[in-house]
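The values are calculated or read from the model by the stated rules, or taken from the named source; none is laboratory data. Every value quoted in this text rests on a predicted model; they were computed, and no experiment measured them. All Cβ positions, glycine included, derive from the backbone under ideal geometry; neighbour counts span all protein chains shown.
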Amino acid sequence: MSTPLAEQHPLNDSLEDLVGLFDVRRSSAPMSEADRGLALAAPKFGTVFTDHMARATWTADTGWYDRRIEAYGPLQLDPATAVLHYAQEIFEGLKAYKHDDGSVWTFRPEANAARFSRSAARLALPQLSVDDFVASLAALVREDRAWVPSGDEASLYLRPFMFASEKFLGVRASLEAEYLVIASPVGAYFANGVSPVSIWVEREYSRAAAGGTGAAKCGGNYAASLLPQVEAQKLGCDQVCFLDGTGTFLEELGGMNVFVVKADGSLETPELSGSILEGVTRSSIIRLAQDRGRTVTERQIPIDELLAEIADGTVVEMFACGTAAVMTPIGRLAGSSFDETIADGGPGELTMSLRAELTGIQTGAVEDRHGWMRRLA
Ligand SMILES: *Cc1c(COP(=O)(O)O)cnc(C)c1O
């Protein structure tokens, strides 16, 4: 797989024109200002949603139509709707941040749009243009702008997704699809300070295999990761790290990529094998580390080599990364036959410093040298 995230797709037209394609049908029952204030004061990720959602409908005959912003609310689905049976579904996750001057920005949305296209292709779902994707985010955020929290690392989490909506039990690609974006206010991921996680290295279950859907952001991959996650928690670990199908090489967590920092200051991360999801955070960290003159190697990392290098002090830090937590230090790796603490088990220095730089760019405190930020409202 190539690395299309590096290429930024510029919007073809001005965002203003594109946002206008989404017809606004305002909610007749938005949350009261007082209740919204309470929700924003103590946001609980993924439980409270804004007043509206963006939506568009597709059929094989007409293509995309009826781009709209409508009241957030339950969907009515026929029990035979294809997605409920064959899991033909994809999603994305990104955040909108309120900057000090009140403007609202998001981070590299064209990269998420490009990945959404690749996920759609793998799941035999229709393509949605980069323009439609970014315009849907802007149209929703403009309508629900009062829902974007301010404060340290607080944001409005945006969840675009697409599913097979045809009422048909035959096994083939759906001829109808729905695209939606919902939004949920979130506080800082580590409300009580960044604390390292412990990781169970999974040798029994795989999350994805060569030729499978591991490189696509689809719900099915997450479904496969849930049982290993339950078992890892029973064994006292916070998260699972999956290996490749042969049980030899490090791949990634259920929803985050992984990095290793060596004593010589270099970084390593598993190469994009076809079964690893190419994170926008991963690609941004590679860039920021290289900007600092660090060597970043993308390669196959054998788990046995990694364990030996943790034990002999060659590996001094590990972290996981993804949009939700940005960067999470890994303090410990455990498995059926080992239990290794990385350095002193605390958050690594480089991990924390790259994390501060990346969150600083996103929240507007650090200069955006790479032109990654896009203004939505
Ligand atoms: C979403 C996701 C990531 C992280 O991607 P970001 O773009 O950095 O949020 C990593 N791995 C998997 C499996 C994912 O689904």
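Each row is one residue, and each column tells you yes or no for (1) more than 17 Å from the chain's Cα centre (by Cα); (2) charged (D, E, K, R).
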position: Thr106; (1), (2): no, no
position: Glu110; (1), (2): no, yes
position: Ser119; (1), (2): no, no
position: Arg122; (1), (2): yes, yes
position: Pro126; (1), (2): yes, no
position: Leu137; (1), (2): no, no
position: Ala146; (1), (2): yes, no
position: Tyr189; (1), (2): no, no
position: Ile199; (1), (2): yes, no
**Residue under evaluation Tyr205, criteria (1) more than 30 Å from Val104 (Cα to Cα); (2) away from the ligand (no atom under 16 Å from the Cβ); (3) in contact with a helix residue (DSSP H, G or I) (Cβ under 7 Å, 6 or more places away or on another chain), criterion not met** = (2)
**Message:** Can you list residue pairs whose Cβ atoms sit under 7 Å apart, with the first residue in the stretch 56-75 being without any contact (Cβ under 8 Å) to a residue 60 or more places away in the chain and the second being basic (Lys, Arg)? Count only pairs 6 or more apart in sequence or on different chains.
**Reply:** Arg68/Arg25; Arg68/Arg55; Glu70/Arg25; Glu70/Arg55
**Asked** away from the ligand (no atom under 15 Å from the Cβ), in a strand (DSSP E or B) and under 22 Å from the mean Cα position of the chain (by Cα) - does that describe any residue in the stretch 219-239?
**Response** no
**Message:** Step by step: first the residues of the stretch 232-249, then only those that are within 17 Å of Asp339 (Cβ to Cβ) and out of contact with any Asp or Glu (no Cβ under 8 Å at 6 or more places or on another chain), then the one that is surrounded by the fewest Cβ atoms within 10 Å (Cβ to Cβ). Which residue is that?
**Reply:** Lys234
**Message:** Condition first: among the acidic types (Asp, Glu) and in a loop (DSSP other than H, G, I, E, B). Now tell me which residues in the stretch 261-290 satisfy that.
**Reply:** Asp264, Glu271, Glu278
**Prompt:** Does at least one position in the stretch 309-322 carry a residue that is of a type in the set (Gly, Ala, Ser), more than 16 Å from Ala263 (Cα to Cα) and touching a residue at least 12 places away in the same chain (Cβ under 8 Å)?
**Reply:** yes
**the stretch 283-300, subset within 16 Å of the ligand (Cβ to nearest atom) and of a type outside the set (S, T, N, Q), residue surrounded by the most Cβ atoms within 10 Å (Cβ to Cβ)** = Ile285
**Request:** Kindly list, by first and then second residue, each pair from a residue in the stretch 100-118 that is modelled with pLDDT of 95 or more to a residue that is within 11 Å of the ligand (Cβ to nearest atom) and in a loop (DSSP other than H, G, I, E, B), limited to pairs with Cβ atoms under 6 Å and residues at least 6 apart or on different chains.
**Result:** Asn112/Glu92; Phe116/Glu92
**Request:** Identify, from the list Ser136, Ser174, the residue that is under 17 Å from Ala56 (Cα atoms), outside any helix (DSSP H, G or I), touching a residue at least 40 places away in the same chain (Cβ under 8 Å) and hydroxyl-bearing (Ser, Thr, Tyr).
**Result:** Ser174
